[in-house]
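Everything below concerns the one structure shown next.
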Amino acid sequence: MVKLFIWIAAPLVIAPLLPGVINRVKAVFAGRQGPLLLQLYFDLWKLFRKGAVFSRTTTWVFRLGPAVFFASVLSVLWLLPFGDFRAPFSFNGDLIVFVYFLGLGRFMVTSAALDTGSSFEGMGASREVQFAVFSELAFFLVLCVLAAGAGNFSISGIFRPGQGAFCPGLMVRVLAAVVFFEVLLAENARLPVDDPNTHLELTMIHESMILDHSGPDMAFILWAHALKMWIFGLLVVQVIVPVTAGGIWGQAGVTLLAIFLMAVIVGIVESVMARLKLCRIPVFLLGASAIAVVAYGLSVMR
Amino acid sequence: MLLAALVLIPVLCGTAEFLVRDVRLGRLILITAAVSHAALAASAWILSPPGIFGGWLALDSLGLLFLSITSLLFLAASFYGLNYLKHAPVSGKTEDEEGEFFFLNAPEARFNGCLLLFLAAMTLVILSQHLGILWVAVEMTTLASAPLIYYHRHTRSLEATWKYLLLCSVGIAVALLGNFFLSVAATIETRKPVSFILIDLMSEAVYLDVMWLKAAFVCFLVGYGAKMGLAPMHTWLPDAHSESPSMVSALLSGALLNCAFLALLRAHQICVAAGQSVFSRGLLAGFGIFSMVIAAIFILGQKDYKRLLAYSSVEHMGLLAFGVGVGGGVSVFGALFHAVNHSLTKAALFLASGNILRAYQSKICGHVKGLSSRMPATGFLWAAGLFAITGMPPFGTFMSKLMILTGALAAGKYLMFGICLTVLTAVFWGMARAMLTMVQGDWIEIGPGCVRDREPVLSFLPGFLLLLIVLGLGMMMPDWLDQVLREASLSLGALP
Amino acid sequence: MIHLIWVLLLLSGLLLLGSSRMMHCLRIVAAQGILVGLLAVFQAECPGLRVFLLSATVIALKGFVFPWLVSRAIRQTGTSREVEPFVGYGASYVCGAVFFMAAMELAKRLLIPYHGVSPLPVTAGLFLAMVGLFIIVSRRKAVTQVLGYLTLENGIYAFGLSMAYEEPLLVELGVLLDVFAAVFVMGIIVFHIQREFDHMDTGRLTALRD
């Protein structure tokens, strides 16, 4: 019972730190002071105490969207393994449920955006879904590569090292990590896929979708974004650095350190690259899918 | 020693050409090199020189056959060239109303030099017994002949050169893959080094891994077949052979395609020695038939007479591949004999086409009329060449085609025989319709008075002599040729 | 180490498919050449003078001379630095994945009786050759076709270094020299094409047809 609680509570508490780390890294690169590391916590606290404003054109879909989004991300947390420990609710085939929960969240957010009746949110929603087609393809492919190698369609089964005879070579793990990283950039609206700080309306993807939410709804959405970052970051880290030894505190420490290092890397990538042209984003993600296919070939060829 | 001279003389003369400034000296070097090469090739019949460099270069019966063809053709082309290059403007321009003939020409020294290097590369292909050197030499022929195609500088010849260069280089790269596949086939089990000389490979052939050998043969077929003009890799051939100057076309069609065929035959020899002859023969026959059908389709209704001749080359190369693919002593003998006949006839036709092009300034069949009255010698050559190339008796091509078809019937390949016969008929109809209308009719006067064009002896004599040889071969096969052809077909695994 | 070189060659082939900048493609092909040269060193069972000489020649030619020749052609013709494809970049990636699977299947079939031999060189060599052929076919400009030819040669040569037994040094050098001459002549012809036609679009070279 305690384990269940910690499994959810820990990411809930720690995840909002990640966007703070990324923003601080970007500020350092730009020579600015930048926002506080704990800025997102203050934002969440502020938003929860505010009231929400709902447009007259919206319906119950608009109110449901953020809640279902947050709930689906929380459910995904329960499927995610950590270090040497299986997830609380792991079963064979749970990797499909994993992807579909995230998809459900995305579906509800885009529906809420369309529900506002504004063409601007609709544009953001359509772009989001269009790129989701390719990012989900890449994501599924790389998960299937790892699953086929492990012979096990459970996420926990994939990441527990020593499970079965599967120990993919370093190259396969590096390539899988690269694909996971590219999917991370796409799913979490990071450069070079989407600029989270842009104020130019025509270039927004994620931001325009959630423009109309306010108050606790906005808080849930921001928190869920941070949690998604945590989830994908954990996947990247666990592919590259499978931690086996040490008790739970040792593993937790190493993994946390690795996730924050990955956030720093995301910050560096954001500072160094410019945004891709919108028509190049599917190419970027199809390239990730091709790399996943190559990783599959390499894992078979050992 | 003889073999080394066969390669070195053209190389040295070719490099000398690049350094020489005087045009007349350049032509003299060309003629000297051609004559000495022909003399050396003729003496090879009598002397049978041994291999050099530890067997890397040697002359077997197949090589002797193709060497003689190449040498003879080069001699004819260079004598023709003496006259052709004298009249072709070097830096002037000629233009007709459609702007079709607005071109410059490359410097003649460069042309002669590339021509001699081309001869050297072809000789190296024929002489090499080491498959690696064979590859290097085939690639060298592509590189040496590309500038030759671009002699008349205009957009169409540039387009033809680019297609030729790219397609042949890609094809030859695939043939390199075939070389590597063959090496793997030889060493994957034993892990011992294997010599790549043909005779050694053939003696070890039964130990070759079958899958890799088959893959290697497919690569060779695609690669060297692209160079040879087998469909569907033939698409560069009509463009390159029609846009280049006529003597170069003669050499390309008559000599270079044979060299590529020789490279393919070497691969076939290895397959035969390894016991996979059914596989390789089947593929050869299939590609051969396909080439013939494609060529027939494009010959019917062809409006450009040089392209017509080029597609005819595709058809005859298909026939050669078919002849070897059918197997059996008669067809293989017929195919090799046909190689001789086709080369000589096609060269004569191309040389004649050069005269027609210079007189009528157009490559369209419809624009050319009245050859028999305006240029009787060329007209005679053109008509006789038509009958020779389509296999009319008493020319040698009749005998060789008959042998191939008889062999096909004897091997029981009735369907292929039927397709062949249909194709040959269609080709005859298409070519006769195009070419005979050029010979007959009244020519359009371009100047006052009805004057016959001045026909220098050198412009028709080489072609005439070549056709005479084909005629002679058709009526009587000399013993020495018969023996060499028999030896060559035996070496290809044909049963006597 | 050999494994790493082959994986990098595979990835370079993939990168080449999706790259839209010509100089970027050129640098990828140059990197491929250097990797192939390194492969020559690491692949040899008994490293000696011959191996180092061959490797140095390969690195010099494929890594520096050929890219320099092509970049000279690009600069002299003044063409725009954009690769213009017939087949879009996303579709090219999909084709690349298909080629990889085809190469894997071919390698598996060819190596059925030989369990000790790693299929990676066969797969990667064939994949790179297929990528080279695809680039020749699917890109408009003549210069990118030369880059595709170089990739094809790199793939085939790398395959030969790994799988085929040692050829005599003369033959290896002959092969390299041939490719050098081919690229040299191609560079000259590309320059002439740009000058005559005022474009390099091979899709528009359609004057000769039936």
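Data overview
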quantity: In order through the stretch C:168-179: 3J(HN,Hα) via Karplus (6.51 cos²θ - 1.76 cosθ + 1.60), integer Hz, x for Gly, Pro; calculated: x, 4, 4, 5, 4, 5, x, 4, 4, 5, 4, 5
quantity: Choice from C:118, C:12, C:162 showing the highest fluctuation, given a GNM over chain C with Cα pairs closer than 10 Å; calculated: C:118
quantity: Cα-based helix-to-principal-axis angle, A:17-30 vs chain A, degrees rounded to 10; calculated: 80
quantity: Stretch gain in nm, segment residue C:180-residue C:137, where the contour uses 0.36 nm per residue and the Cα spacing is subtracted; calculated: 13.3 nm
quantity: Geometric extent, Cα atoms of chain C - Rg, Dmax (angstrom); calculated: 17.5, 55
quantity: B versus C: buried accessible surface, summed, Å² (probe 1.4 Å, to nearest 100); calculated: 4200
quantity: q = 0.11 Å⁻¹, chain B: log10 I(q)/I(0) [Debye, one scatterer per Cα]; calculated: -0.86
quantity: Cut-off 12 Å, label 7 Å out along Cα→Cβ of residue A:53, residues of the stretch A:192-220 by amide N; calculated: A:212-215
quantity: Selected from A:131, A:42, A:159 as most flexible by GNM, with chain A as the system and alpha-carbon contacts under 10 Å; calculated: A:42
quantity: Heavy atoms of residue B:48 accessible to a 1.4 Å probe, total area in Å² rounded to 10; calculated: 90
quantity: 10 Å-binned pair-distance histogram of the stretch A:191-268 (Cα, whole percent); calculated: 16, 36, 28, 16, 4
quantity: Residues residue B:361 and residue B:440, FRET efficiency given R0 of 22 Å [Cβ-Cβ distance, rounded to 0.05]; calculated: 0.65
quantity: Hydrodynamic radius of chain A per Kirkwood, over alpha carbon pairs, in Å; calculated: 19.8
quantity: Exercise: per-residue mean of other protein chain Cβ atoms within 10 Å, C:155-168; calculated: 6
quantity: Pair residue B:415, residue B:199: separation of 7 Å Cα→Cβ label points (nm); calculated: 4.2
quantity: Rg [Å, one decimal], Dmax [Å, integer] - the protein assembly as shown, C-alpha atoms; calculated: 34.7, 115
quantity: Per-residue mean of C-beta atoms belonging to partner chains within 10 Å, peptide C:123-134; calculated: 2
quantity: Built amide H within the under 5 Å cut-off of residue B:153, gap 5+; calculated: B:104, B:105, B:106
quantity: Partners for residue B:346 among aspartates and glutamates (Cα-Cα distance below 19 Å; same-chain residues under 8 apart left out); calculated: B:239, B:243, B:304, B:315
quantity: Carbon/sulfur fraction of accessible area - the protein assembly as shown, other protein chains in place, 1.4 Å, %; calculated: 69
quantity: Cβ-derived FRET efficiency at R0 25 Å, residue C:23 paired with residue A:268, nearest 0.05; calculated: 0.55
quantity: Descending Cα extents along the principal axes, the stretch B:350-484, whole Å; calculated: 61, 34, 18
quantity: Low-density loop positions, trypsin sites (Lys or Arg not before Pro), the stretch B:1-86 - DSSP coil, at most 10 other Cβ in 10 Å; calculated: B:21
quantity: Rg to Rh, two decimals, where the stretch B:217-259 supplies the alpha carbon set and Rh follows Kirkwood; calculated: 1.02
quantity: Members of B:227/B:369; B:227/C:108; B:192/B:214; B:163/B:363; B:86/B:163 lying beyond 23 Å, as alpha-carbon distances in this model show; calculated: B:227/B:369; B:227/C:108; B:86/B:163
quantity: DSSP-defined antiparallel bridges as percent of all bridges, the protein assembly as shown, nearest 5; calculated: 90
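The values are calculated or read from the model by the stated rules, or taken from the named source; none is laboratory data. Predicted model, so just to flag it, every value in this text is computed and none were measured. Glycine gets a Cβ as well: all are built from the backbone with ideal geometry, and neighbour counts include every protein chain shown. Ligands, DNA and RNA are excluded from the accessible area calculation, which covers all protein heavy atoms including side chains. Shrake-Rupley method; radii C 1.70, N 1.55, O 1.52, S 1.80 Å.
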